1. Please find, within segment 94-124, the residue that is most open to solvent (accessible area, probe 1.4 Å) out of those that are within 10 Å of A280 (Cβ to Cβ) and among the acidic types (D, E).
2. Within segment 131-147, is even one residue under 20 Å from M100 (Cβ atoms), open to solvent by 40 Å² or more (accessible area, probe 1.4 Å) and more than 16 Å from ligand 2 (Cβ to nearest atom)?
3. Give the residue, chosen from W127, W166, that is over 25 Å from W50 (Cβ atoms), away from ligand 2 (no atom under 16 Å from the Cβ) and either surrounded by fewer than 23 Cβ atoms within 10 Å (Cβ to Cβ) or without any contact (Cβ under 8 Å) to a residue 24 or more places away in the chain (or both).
4. Would you pick out the residues in segment 50-93 that are more than 10 Å from ligand 2 (Cβ to nearest atom), out of contact with any Pro (no Cβ under 9 Å at 6 or more places or on another chain) and open to solvent by 10 Å² or more (accessible area, probe 1.4 Å)?
5. Condition check: away from ligand 1 (no atom under 15 Å from the Cβ) and either in contact with a Ser or Thr (Cβ under 6 Å, 6 or more places away or on another chain) or within 30 Å of H21 (Cβ to Cβ) (or both). Does K299 satisfy that?
Amino acid sequence: MTRILFYLEEYSHDIWRDAFHAIDPTIDFRSYPDWGDPENTTEDTYSLVWQPKPGLLKEYSGSKVTFSIGAGIDHIMRDPNLPDHIPIVRMADDGLKEGMAEFVVMSVLMLHRGMVDLIDAQSRKHWARIFAPAASSINVGIMGYGALGQKCAAALKPLGYKINSWSTSPKAAEDGVTHYQGMAGLEDFLANTNILVGILPNTQETTGLLNMETLQNLPKRASIINAGRGNLIVIDDLIKQLDLKHLSGAILDVFEEEPVDKAHPLWEHPKILITPHIAAVTRPKTAAEYVLRNIENYKNGRPLENVLDLKRGY
Ligand code: NDP
Ligand code: OXD
């Protein structure tokens, strides 16, 4: 009998259990702390976790695969005692991709149509008629052209936006998309981007990539969305570029410190909207389908999808 060891704080586990049982009622779904004796971990046991207690995965090292409830794995890698023989599968189910595309389309439209300024104007009872350019004159630059970035591009293209992508490896030619790669391509990518969308993982290479100097490479009045990880942006530099009016606005979903400290200027800056890391919250139904499909892959000796590559860090 397939056993799933589930760890997620602060949310109801029932909808997760129900999502698995709707597909296979025989699944032995165990919510932490009721995982049972680690000595009795069966051959058919897998864990599905978000921010697991450090040391827990080592204690249950008989589990065959660790599934991350999110696409990011920083919440697992912070554990210094992680067992190194268990593969980690990153979430890439359809629900997560759809959620991110919804958030990014909403945010691009908000920045394009001046909503950050309109919200500020309303708070001052100011009648601010903002005239927006055509979508076809706006380049949306997606930093991180993986599972989520590509889904966002597919959702933005029909609205008329032109897309730039930035990634590590070359990408196949695609209508309406200009691809840029690596540090050599970063300056051109930024110079040709009006609305920048960050959907990068948290790695050494992505840390502090957007700083005073690189933000200066964006055209005047460009704006920023960050829905990847907070490490990407040096926040004080972003605030400076907004105050200097080089940049026109930002919508930020992820931060180095979450929740954001109540005293932080981010809460009150008139050109910044913040959301509490909700761009794409994993949806149990599609996540359960994804996990069970990969458990079948594992049992049948087929490759697992989206396995963490420790060398790349994502
Ligand atoms: P993928 O692994 O599918 O894609 C990552 C992309 O980033 C790839 O295109 C990769 O390039 C690119 N990349 C990584 N490092 C670099 C670098 N140094 N320089 C240039 N490009 C780089 O990940 P996902 O799309 O599934 O997820 C991306 C991130 O989004 C997650 O790691 C997570 O942190 C965040 N996230 C945030 C959520 C939220 O609610 N705010 C929800 C879900 C995810 P290449 O294609 O060449 O490998
Ligand atoms: C994720 C996230 O990594 O929710 O999926 O941030």
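The values are calculated or read from the model by the stated rules, or taken from the named source; none is laboratory data. Given the structure is predicted, the values throughout are model-derived calculations rather than measurements. Every residue, glycine among them, receives a Cβ derived from its backbone with ideal geometry; neighbour counts consider all protein chains shown. Areas reflect the complete protein model, heavy atoms only, side chains present, ligands, DNA and RNA absent. Shrake-Rupley method; radii C 1.70, N 1.55, O 1.52, S 1.80 Å.
1. Step one: of segment 94-124, the residues within 10 Å of A280 (Cβ to Cβ) are 95-104.
Within this subset, residues satisfying the condition of being among the acidic types (D, E) are 98, 102.
On the way: E98: 80, E102: 101 Å².
By that ranking, first place goes to E102.
2. Pass one, segment 131-147, residues under 20 Å from M100 (Cβ atoms): 135, 138-147.
Then keep just the ones that are open to solvent by 40 Å² or more (accessible area, probe 1.4 Å); that gives 147.
Of the ones still in play, those that are also more than 16 Å from ligand 2 (Cβ to nearest atom) are none.
No, segment 131-147 contains no residue that is under 20 Å from M100 (Cβ atoms), open to solvent by 40 Å² or more (accessible area, probe 1.4 Å) and more than 16 Å from ligand 2 (Cβ to nearest atom).
3. Numbers: W166 fails: either surrounded by fewer than 23 Cβ atoms within 10 Å (Cβ to Cβ) or without any contact (Cβ under 8 Å) to a residue 24 or more places away in the chain (or both).
Among W127, W166, only W127 is over 25 Å from W50 (Cβ atoms), away from ligand 2 (no atom under 16 Å from the Cβ) and either surrounded by fewer than 23 Cβ atoms within 10 Å (Cβ to Cβ) or without any contact (Cβ under 8 Å) to a residue 24 or more places away in the chain (or both).
4. Q51, K53, M77, P83, D84, H85, I86, P87, I88
5. Values: away from ligand 1 (no atom under 15 Å from the Cβ): yes; either in contact with a Ser or Thr (Cβ under 6 Å, 6 or more places away or on another chain) or within 30 Å of H21 (Cβ to Cβ) (or both): yes.
Judged against the criteria, K299 is a match.
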